[in-house]
Amino acid sequence: VECSSAAEALAAAGAGADIVLLDNLAPQVSPKIGATMGRPQHPGVTVEASGEIVLGTLPQFLGPHIDVVSMGCLTHSAPALSFVLCV
């Protein structure tokens, strides 16, 4: 479930979501929301941080309660490579 606030994330986890996607939150916010979800209350929930994450800000999104980080910059900002295969 895609969430943009702590309240949405807690509601999604409480409703039985398998994965809670914390989308487009400030770097310091995602780990804090992940921590508020707590493993004892929602042990089966995977917490994913996503949205505007780049290599320079990646460390700010990491924490013991963030299970997955999605980085669109790995695909949409990757440089192109031109090559030819000869047989």
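Would you work out the relative contact order for the chain, in percent, from Cα pairs under 8 angstrom that are 6 or more residues apart?
Averaging sequence separation for qualifying contacts and normalising by length gives 26 percent for the chain.
Positive end of the charge dipole of the chain (Lys, Arg +1 and Asp, Glu -1 on Cβ, about the Cα centre): tell me which of I53, S5, G16 has its Cα farthest that way.
Towards the positive end, the residue furthest out is I53.
Throughout, read-outs are computed from the coordinates displayed, never taken from laboratory work. Only a predicted model underlies this, so the values are computations on that prediction, with no experimental measurement involved. Cβ sites come from the backbone with ideal geometry, for glycine too, and all protein chains shown count toward neighbours.
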